[in-house]
Amino acid sequence: MKVTRVTCTCNYIQLINPIISLFFFFSLHIQSLHQFPHVTHNPSPPLHSRSYFTTMKALILVGGFGTRLRPLTLSFPKPLVDFANKPMILHQIEALKDIGVTEVVLAINYQPEVMLNFLKDFESKLGIKITCSQETEPLGTAGPLALARDKLADESGEPFFVLNSDVISEYPLKEMIAFHKSHGGEASLMVTKVDEPSKYGVVVTEESTGKVERFVEKPKIFVGNKINAGIYLLNPSVLDRIELKPTSIEKEIFPKIASANQLFAMVLPGFWMDIGQPKDYITGLRLYLDSLRKKTPSKLTSGAHILGNVLVDEGAKIGEGCLIGPDVAIGPGCVIESGVRLSRCTIMRGVRIKKHACISSSIIGWHSTVGQWARVENMTILGEDVHVGDEIYSNGGVVLPHKEIKASILKPEIVM
């Protein structure tokens, strides 16, 4: 099998004297704030709150074509689709950086050139090493770990994170490190509780210790309500169990580790959502904004025209007489004209919503336009550069990029 790896690496400065180290750190930090003001720069956690490990790595399963989020993924790879005004994958990379991860490996098999061009910038902006492991064929959820083995395993022998790129949560990674250290097993996975476990594969655990006993796929009788949340912390020895071929970590690797009494599950606190399809994307936005309200309400927008949780980029413009919210994200460069009503929707970068339009439960893709008095609802998804005419009604339309809509869409359908 021919395997291609493309690596982009930050320059490292070897600092000798602690005083010089501090000088360089603050100089670089201040410089990056001026050069990249739109990137979140979170202060390093205090020493007592950092991870137990001196260096940590992570692998993010970027995945393939992102068909469930089309037409948005016809313009960008799924991890680069905006969620709450930043690319999905950036939420994860920032969370990993915050708990001391020094290197992130991205398993890529679709549009690698777009991903790499994007990541060259963010590697230096965030101050974290990013390595791209490019698959020449889809390798499932475990095969990419074998492909990136030389990046994940080193002489330190320290565990590494694995995350599914579709997952949005509060990322309690520091707590997961402590959990992993406490049980001493080979692998930890995060689980989340759901109301209808019969739709999922259920993780059955020992209540007192979290040790995983077995997995039950879509159980017909109740065996538990915990499902795999797509966040793992693995010892390097797990790599010895994985061959370089298409392999499922959930169905092939984890059951073997569980049978050896080496797999433990931690219940994820806070919210969780797989945002890989439009309906769950909208639900995930609601959960994310609710979490912001509880933890950092200053990030949300307030005002007489705001209802509930709303996130508005500082570069967006909102006209008079609008009613925005609840559960709305408005990206940079957007223009919301007067009298517009927005609820439960995402308005991506560069969009213009004209006077008195009404949008609910929908996603409006980059640089699109919605005409005056138009009504867009019921999980309408507009791809990039779509233009909806004045007084048009869209009931669940899924519109491919670069289209002009001159007639109403009266029932859910794909407009090609």
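Which of the residues spanning region 371-387 are of a type in the set (A, V, I, L, M) and open to solvent by 10 Å² or more (accessible area, probe 1.4 Å)? First the steps, then the outcome.
Initial filter on region 371-387 (of a type in the set (A, V, I, L, M)): 374, 376, 379, 381-382, 386.
Residue satisfying the conditions is 379 alone.
List the helices (runs of 4 or more DSSP H) inside region 89-155, counting only whole elements, that have at least 2 residues being open to solvent by 40 Å² or more (accessible area, probe 1.4 Å).
It comes to 112-126, 149-152.
So which of 317, 299 ends up being farther than 29 Å from residue 415 by Cα, touching a helix residue (DSSP H, G or I) at 6+ places or on another chain (Cβ under 8 Å), of a type outside the set (A, V, I, L, M, F, W, C) and open to solvent by 30 Å² or more (accessible area, probe 1.4 Å)?
299
Pick from 343, 361, 394, 368: which is under 18 Å from residue 283 (Cα atoms), surrounded by 18 or more Cβ atoms within 10 Å (Cβ to Cβ) and touching a strand residue (DSSP E or B) at 6+ places or on another chain (Cβ under 7 Å)?
343
Pairs only if they're at least six apart or on different chains, beta carbon under 6 angstrom, first in region 71-93 and in contact (Cβ under 8 Å) with a residue 40 or more places away in the chain and not assigned by the TED database to the domain that holds residue 105, second surrounded by 24 or more Cβ atoms within 10 Å (Cβ to Cβ) and outside any helix (DSSP H, G or I); list them, first residue then second.
Qualifying pairs under 6 Å: none.
Test of understanding: among 366, 373, which residue is among the aromatic types (Phe, Trp, Tyr), over 28 Å from residue 77 (Cα atoms) and not in a strand (DSSP E or B)?
373 is the lone residue from the list that is among the aromatic types (Phe, Trp, Tyr), over 28 Å from residue 77 (Cα atoms) and not in a strand (DSSP E or B).
Can you say whether residue 414 is touching a strand residue (DSSP E or B) at 6+ places or on another chain (Cβ under 7 Å), without any contact (Cβ under 8 Å) to a residue 24 or more places away in the chain, β-branched (Val, Ile, Thr) and surrounded by fewer than 17 Cβ atoms within 10 Å (Cβ to Cβ), as far as the supplied structure shows?
yes
Need at least 3 residues that are assigned by the TED database to the domain that holds residue 156 and closer than 21 Å to residue 140 by Cα per element, so show me which strands (runs of 3 or more DSSP E) inside region 191-309 make the cut, counting only ones lying wholly within it.
The strands (runs of 3 or more DSSP E) meeting that bar are 201-205, 212-217, 226-234.
The values are calculated or read from the model by the stated rules, or taken from the named source; none is laboratory data. Being a predicted model, the structure only gives us computed values, none of them experimental. With ideal geometry, Cβ positions are generated from the backbone for all residues, glycine too; neighbour counts draw on all protein chains shown. What goes into the accessible areas is simple: the full protein's heavy atoms, side chains included, and nothing from ligands, DNA or RNA. Shrake-Rupley method; radii C 1.70, N 1.55, O 1.52, S 1.80 Å.
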